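Notes to accompany the following structure.
The values are calculated or read from the model by the stated rules, or taken from the named source; none is laboratory data. Everything quoted here is computed from the prediction, not taken from an experiment. Heads up, the Cβs are rebuilt from the backbone with ideal geometry, glycines too, and the neighbour counts pull from every protein chain shown. Ligands, DNA and RNA are excluded from the accessible area calculation, which covers all protein heavy atoms including side chains. Shrake-Rupley method; radii C 1.70, N 1.55, O 1.52, S 1.80 Å.
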Amino acid sequence: MKSVNGMEHKKVLVLGLAKSGVAAAELLHKMGAFVTVNDAKPFEENIDAQRLLQKGITVICGRHPEDLLDEGFELIVKNPGIPYTNILVADAVKRGIPIWTEIELAYLISEAPMIGITGSNGKTTTTTLLYHILNQGGLNPLIAGNIGTVACSVTENATADNVVVTELSSFQLMGTEQFKPKIAIWTNLYEAHIDYHGSMEEYSNAKFAVTRNQDASDYLIYNADQEVVVSYANKSHAHKVPFTTKGINYLGISADDDMIYWLGKPFIKRSSIALPGQHNLENVLVAVAAAIIMDCPKDKIEHVLSSFTGVKHRTQFVREWQSRKIFNDSKATNTLATRSALAAFKQPIVLLAGGLDRGHSFEELRPHMGNVHAVVVAGETAKRFAEFAESCGVEKIAYADDMESGVKQAADLSNEGDVILLSPACASWDQYPTFEVRGDKFIEAAMKL
């Protein structure tokens, strides 16, 4: 772990706990900072806060005192999910107090080079696939970030012989200042999280932080098929590696119907790739490009591509039941992800959808609803999605209270040869704390059929 100048005796406020807040507080405490943790959960119910207090860290729980910043904090490390409209965060902005997420800490202490992966969709699949390729290639990768492993805990123990593969959300990237990955990957950009960022421009600017500090010694792998991403890539000072699924590109990595090309030369046949779905081709391209840049042997890349079939909750095959194939795509928390999932299947589909109502339209799903012959809806958007499905010509529509009843109804509505697909097009927070919990409940119900 690198030492970071200026942290000793610095007054730091860690705002919000969960895994990232706990890890940041403990790390800053080890670095000699005077750490105060503030979390909304009452102390008597807050096991993390109790444990941090025992380590000598100041803990304030149960509320966010509006005058807390009068204590003279020089830095705030906040949980990524806390918006900038939060009273304390907004006050810190006015006072000019730096606001980080633990990703910035992770970068500052890391002895290992970092690969930062962001985008509206595909981050987790890309991160996991690249990790497996680099691991097969003997490059000692570590995996971290939004995928579930706190980055600063990973980089604390990383050495120069490792490489840290990091999934990064826009929430995390907003809290960075010096973050500079060796390889930045920008998979795509679609409208998302506007309720958090306030505008598409602010969301896009947050994503740009993945490459903002890069220079000519670094690499940016970016989506050349999206003009908006290209416009941001043009602002980057990194060595640019475009990717496209629309034919051969001689400057980066590309694909046509039969082949993946590197710098315009054939690299691997698409028929040897196990990961299903056209939407996953982008993920394959960027992972392969990063692996090539890292000097991973070609045979190791090919081996992983021929065996990697996906990530849990991302168009995950669950089981076959009475000649129906059941897939869990709980990670599809927006219409773009659900559109990609629907496009991946040619069979008739029974779709389970619905969840948190953010007011967004389902219209971009319309061209892909042709194979959907039945829909089971749940959550806050149930009525709206049902009306949309009906307008698409779907005749069989059922309402469910939870995943167990939803799976049972989907099974009743299905026929032999169908795909039963959970792809909600909505976040889970109206009924489940995370999309993972929602997906696990779906899997449990599917296994009971």
Taking the convex hull of Cα positions in the chain, its mean projected area over all directions (nm²): 21.7 nm²
Gyration tensor (alpha-carbon) shape descriptor, the range 1-40, a/c threshold 1.5: oblate
Percent accessible area from carbon and sulfur atoms, the range 1-141, protein chains only, probe 1.4 Å: 49 percent
Å² per residue, accessible surface of the chain at 1.4 Å: 42 Å²
In degrees, nearest ten, helix 123-136 long axis to first principal axis of the chain (Cα): 80 degrees
Compactness index (Cα Rg / 2.2 N^0.38 Å), the range 1-104: 0.98
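When ranked by the protection proxy of mean other Cβ atoms within 10 Å per residue, highest first, what sequence do the peptides 171-180, 256-265, 366-375, 101-110 form?
With the highest mean Cβ count within 10 Å placed first, the list reads 101-110, 171-180, 366-375, 256-265.
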Theoretical ellipticity at 222 nm over the chain - DSSP helices of four or more residues, -39500 (n - 2.57) apiece, nearest 500: -9500 deg cm²/dmol
Virtual spin-label span in nm between N86 and K265, 7 Å along Cα→Cβ: 5.0 nm
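Just flag the trypsin sites (Lys or Arg not before Pro) in the range 334-366 sitting in loop per DSSP whose Cβ has no more than 11 other Cβ atoms within 10 Å.
Filter output for the range 334-366: K346.
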Note, ³J(HN,Hα) from phi for the range 201-215, Karplus 6.51, -1.76, 1.60, rounded to Hz, x at Gly and Pro: 4, 5, 4, 5, 4, 5, 4, 4, 4, 5, 10, 3, 9, 6, 10
Carbon and sulfur %, accessible surface of the range 199-340 computed with the full protein complex present, 1.4 Å: 48 percent
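Quick one: which of K78/K180; K2/K207; K55/K331; K182/K265 span more than 31 angstrom between C-alpha atoms?
Over 31 Å Cα-Cα: K55/K331.
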Placed amide H near W100: partners under 5 Å, 5+ positions off or other chain: I76, V77, K78
Tensor-based shape of the range 263-397 (alpha-carbon gyration tensor, a/c under 1.5 rounded, otherwise prolate or oblate): prolate
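Just how large is the dipole of the chain about the Cα centre, in debye to the nearest 20, putting +1 at every Lys and Arg Cβ and -1 at every Asp and Glu Cβ?
Once rounded to the nearest 20, the dipole reads 820 debye.
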Tail beyond 13 Å, pair distance distribution of the range 211-261 (Cα, percent): 56 percent
Estimated Rh, the range 345-449: Kirkwood, alpha-carbon pairs, angstrom: 13.6 Å
Interchain or long-range residues, amide H under 5 Å from Y399's placed H: V377
Alpha-carbon centroid distance for the pair the range 286-302 / the range 118-149, whole angstrom: 13 Å
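Can you give the Rg to Rh ratio for the range 331-406, taking only C-alpha atoms and Rh from Kirkwood?
With Rg and the Kirkwood Rh in hand, the quotient comes to 0.91.
If the chain between F317 and A18 were fully stretched, how many nm would it gain, using 0.36 nm times the residue separation less the Cα-Cα distance?
Length difference between fully extended and current span is 104.6 nm.
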The range 351-449 - percent of accessible surface contributed by carbon and sulfur, probe 1.4 Å: 49 percent
